[in-house]
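Take a look at the structure set out below.
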Amino acid sequence: MAQAEAFETDFWKHANLRKVWDDIVPGVPRKTIPYTLTKAAIELYCKSVGEDHPIYFDEAYARTTRYGGLIAPPSIHILLMFSCTP
């Protein structure tokens with residue numbers, strides 16, 4: 001398995017710079033850090049959380065599903081939300 005780009009793991013590192021719920025206005029864009037989700041990153045995430053369903057790793061199996069190919073686990077967006085919003 002390839003090594004994916006490292007994520008910041010201290011999610012509280014800049015907590016004092018983040019908006020609180022009362023400061024967030026729905027529909028107003030927030031600054032984000034671009035990130036390209038790769039197969040290697042998905043594999044690293046799955047390994048970290050103990051996810052082993054073949055739809056995330058096995059291209060031949062994934063082609064037989066209704067999605068027609070590999071997908072990312074639905075819970076990965078939480079990690080990306082914390083990692084990509086300073």
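Which one of the conditions (1) modelled with pLDDT of 90 or more; (2) under 23 Å from residue 85 (Cβ atoms); (3) in a loop (DSSP other than H, G, I, E, B) does residue 68 fail to meet, given that it meets all the rest?
(2)
In this structure, does residue 19 turn out to be touching a residue at least 12 places away in the same chain (Cβ under 8 Å) and of a type in the set (D, E, K, R)? Break it down into steps so the answer makes sense when it comes.
On the way: touching a residue at least 12 places away in the same chain (Cβ under 8 Å): no; of a type in the set (D, E, K, R): yes.
Against the criterion (touching a residue at least 12 places away in the same chain (Cβ under 8 Å) and of a type in the set (D, E, K, R)), residue 19 does not qualify.
Search the stretch 1-40 for residues being exposed (fewer than 11 other Cβ atoms within 10 Å of the Cβ), of a type in the set (Val, Ile, Thr) and at pLDDT 80 or above, and hand back the single one that is nearest to residue 86 (Cα to Cα).
33
Applying the selection to the stretch 48-65, what residues are outside any loop (DSSP other than H, G, I, E, B) and not β-branched (Val, Ile, Thr)? So that I can check it myself, show each step before the final result.
Taking the stretch 48-65 first, the residues outside any loop (DSSP other than H, G, I, E, B) are 48-49, 54-56, 59-63.
Listed by number, the residues that qualify are 48, 54, 56, 59, 60, 61, 62, 63.
Take the residues of the stretch 71-86 that are under 18 Å from residue 10 (Cα atoms) and outside any helix (DSSP H, G or I): which is modelled with the highest pLDDT?
85
Assuming residue 61 fulfils every condition listed in (1) loosely packed, with under 13 Cβ neighbours inside 10 Å; (2) more than 15 Å from the chain's Cα centre (by Cα) apart from one, which condition is it?
Condition not satisfied by residue 61: (1).
Name the residues in the stretch 22-44 that are in contact (Cβ under 8 Å) with a residue 40 or more places away in the chain and either within 16 Å of the chain's Cα centre (by Cα) or assigned to a helix (DSSP H, G or I) (or both), would you?
The answer is 32, 33, 34, 35, 37, 43, 44.
The values are calculated or read from the model by the stated rules, or taken from the named source; none is laboratory data. Owing to the predicted nature of the structure, the values given are computational and were not obtained by experimental measurement. Positions of Cβ are backbone-derived with ideal geometry, glycine not excepted, and every protein chain shown enters the neighbour counts.
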